[in-house]
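What follows is a single structure, written as structure tokens, with notes after it.
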Amino acid sequence: MEKRLRLAPSPTGLLHIGTARTALFNWLYAKKNNGKFLIRIEDTDILRSKSEYETNILNGLNWLGINWDEEPIKQSNRISIHKNHIKRLLEIGAAYRCFTSESEINELREKQKKSGLPPKHDNRHRNLTSKEIQEFISQGKSSVIRFKVDEETEIRWNDQIRGEIKWQGKDLGGDLVLSRRTLGNEIGDPLYNLAVVVDDNFMNITHVVRGEDHISNTAKQILIYKALDYKLPIFSHTPLILNSEGKKLSKRDCVTSIDEFKEMGYLPEALTNYMAFLGWSTKVPESEILSLKEISKVFDLSDVNKAGAKFNWEKLNWINSQYIKKMELPKLKKLIKKFWHDMGWESPSKEWELKLTNLIKDSMILLKDAIDLSKPFFSLSEIQKEGNDFLKDNREAKESLKYILFYLKQDNISKVNNDKAREIISKISINHSIKKGIVMKSLRIAFFGCLSGPDLIKSWELFSESKRDLDLIKRCLI
Ligand code: GLU
């Protein structure tokens, strides 16, 4: 039978790393088994759902390369179908109308709190007669529909990640609310646990993979599946993503939405590679740098850990830098060029852009590192204290820069390629007995204003091509 999995995001916020990781595990399992990965937008919370969040979630998944196989389903289009199912549950006696008011519920909770008990409905209207129901309605009392939860029942399922899970009916908080409050004989808008069962069954979902925070919902949903006589899917509950303190990763941890990762300069390939290892590990690890296609060949839900997965920035950064290093130059240049463009920086040629990309790529961790790394090649870097001290303390420093200007002029060199650069430095060293190290450090200060920076010889070629090398050297001699 075809395996069908789904992500069921609520469009009440930006695509979060946790939702993206759940999507990825679903996607990987579907791909591994030649199955389908689907999306259902759970947008029935009218007050909190926004279409811009829906767009953000779908765009984010797309950017990550987590594609879906069928047109996404919108839960809000299916409300009347959900209501029909609630009617059916009423008809077969599995659900009933409950008139407990908000204040009565609060009163009950307060009492339970005082006695140290967890909140639980007392199912007071489970056995109302139709006459009593009509009386409440005619008194103008609002009602919800509740699903009968058998206190004696034990709910069990074999979780693909956690093994056997048992849940006691008495621990589910009393009879389950299926619909929002309404007046009269109406059925109010359906709530999550009912809608999710009806829709997963409608979409022929065979495997439900979602966060561990849904375990108690699964217990409730299994009861609804049984009442509606539906075939149960196989459930898997993924571990939470934790911050460095071992607490659930939240907005307080600064970066959590996929947009923010994108803006910071993480590559989608690196992020998905990292996310796959967030809670999952392969028994045959050849490398930690694996494409989604490669991971999907070895992925299995049974290899997902039960324990929470700590978010490790260093590892993510390392993976990102590996992807930058191995990316094809023209592709990387295109990504970096966006930053240059935003900074208003113009390059002398396409060829030069590729050379600069090649020069800085090994020092990049994030895409936006390209800004600082390429800045000296577009704008003047001030000479820092260590640079000024070096020029002052070493008599031969300024001398070597003068010799550079001299040889460039004498030999009529307008373009310093790598060979020419090496030749000039050697000449100065041999003819004037100045150590190569001094010549190179002096030139480095002229170009970068300090003693660190990328490969000097290659840099010189770039400064020469953009016709800035002479001015940069001259400024040190004033
Ligand atoms: N809309 C729910 C959520 O975003 C879906 C949970 C589920 O996968 O059933 O948490």
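The values are calculated or read from the model by the stated rules, or taken from the named source; none is laboratory data. All values derive from a computational prediction rather than experimental measurement. Neighbour counts run over all protein chains shown; Cβ positions are idealised from the backbone, glycine included. Accessible surface areas use protein heavy atoms only, side chains included; no ligands, DNA or RNA. Shrake-Rupley method; radii C 1.70, N 1.55, O 1.52, S 1.80 Å.
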Got at least one residue in segment 226-236 being without any contact (Cβ under 8 Å) to a residue 24 or more places away in the chain and within 12 Å of the ligand (Cβ to nearest atom)? no
Looking for something modelled with pLDDT of 95 or more and within 13 Å of the ligand (Cβ to nearest atom) - is there at least one such residue anywhere in segment 98-115? no
Any residue in segment 362-382 that is more than 16 Å from Leu271 (Cβ to Cβ) and outside any loop (DSSP other than H, G, I, E, B) sitting within a Cβ distance under 8 Å of a residue that is modelled with pLDDT of 95 or more and acidic (Asp, Glu)? List the pairs, counting only those 6 or more apart or interchain. Ser363/Asp369
Going through Ile79, Ile17, Ile41 one at a time, which residue ends up being more than 13 Å from the ligand (Cβ to nearest atom) and touching a helix residue (DSSP H, G or I) at 6+ places or on another chain (Cβ under 7 Å)? Ile17
Identify the residue in segment 192-211 that is in contact (Cβ under 8 Å) with a residue 40 or more places away in the chain and open to solvent by 30 Å² or more (accessible area, probe 1.4 Å) and, among all such residues, is farthest from Asn33 (Cα to Cα). Tyr192
Selection count, segment 25-38, where residues are more than 14 Å from Arg210 (Cα to Cα) and within 14 Å of the ligand (Cβ to nearest atom): 0
Looking at segment 407-426 only, could you name the residues that are open to solvent by less than 60 Å² (accessible area, probe 1.4 Å), in a helix (DSSP H, G or I) and of a type outside the set (Gly, Ala, Ser)? Tyr407, Leu408, Asn418, Ile424, Ile425
Please give the number of the condition Pro9 fails out of (1) in a helix (DSSP H, G or I); (2) in contact (Cβ under 8 Å) with a residue 40 or more places away in the chain; (3) open to solvent by less than 60 Å² (accessible area, probe 1.4 Å); (4) under 26 Å from Asn305 (Cβ atoms). (1)
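Let's see how each residue does on (1) touching a Lys or Arg at 6+ places or on another chain (Cβ under 7 Å); (2) among the hydrophobic types (A, V, I, L, M, F, W, C); (3) under 25 Å from Arg468 (Cβ atoms):
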| residue | (1), (2), (3) |
| --- | --- |
| Lys315 | no, no, no |
| Asn320 | no, no, no |
| Ile336 | no, yes, yes |
| Asp342 | no, no, yes |
| Thr357 | yes, no, yes |
| Lys368 | no, no, yes |
| Leu380 | no, yes, yes |
| Gly387 | no, no, yes |
| Asn394 | no, no, yes |
Among residues of segment 217-239, those that are assigned to a loop (DSSP other than H, G, I, E, B) and surrounded by fewer than 18 Cβ atoms within 10 Å (Cβ to Cβ), counted: 5
Residues satisfying the stated conditions in segment 265-288, i.e. surrounded by 16 or more Cβ atoms within 10 Å (Cβ to Cβ), among the hydrophobic types (A, V, I, L, M, F, W, C) and either under 30 Å from Phe339 (Cβ atoms) or without any contact (Cβ under 8 Å) to a residue 60 or more places away in the chain (or both): Leu267, Ala270, Leu271, Met275, Ala276, Phe277, Leu278
Only one of (1) open to solvent by 10 Å² or more (accessible area, probe 1.4 Å); (2) away from the ligand (no atom under 14 Å from the Cβ); (3) outside any strand (DSSP E or B) fails for Phe261. Which number is that? (1)
Among the residues listed as Glu164, Glu151, the single one being more than 16 Å from the ligand (Cβ to nearest atom) and out of contact with any helix residue (DSSP H, G or I) (no Cβ under 7 Å at 6 or more places or on another chain): Glu164
Condition test on Thr22, is it within 12 Å of the ligand (Cβ to nearest atom) and either in a helix (DSSP H, G or I) or open to solvent by less than 10 Å² (accessible area, probe 1.4 Å) (or both)? yes
Given the conditions (1) in contact (Cβ under 8 Å) with a residue 40 or more places away in the chain; (2) open to solvent by less than 20 Å² (accessible area, probe 1.4 Å); (3) closer than 30 Å to Cys476 by Cα; (4) within 26 Å of the chain's Cα centre (by Cα), every one holds for Trp352 apart from (4)
Exactly one condition in (1) closer than 30 Å to Leu278 by Cα; (2) part of a helix (DSSP H, G or I) is false for Leu290; which is it? (2)
Can you tell me how many residues in segment 182-191 are in a loop (DSSP other than H, G, I, E, B) and either within 16 Å of the ligand (Cβ to nearest atom) or crowded, with 18+ Cβ neighbours inside 10 Å (or both)? 4
In segment 295-316, which residues are part of a helix (DSSP H, G or I) and open to solvent by 40 Å² or more (accessible area, probe 1.4 Å)? Lys297, Val298, Ser302, Trp313, Glu314, Lys315
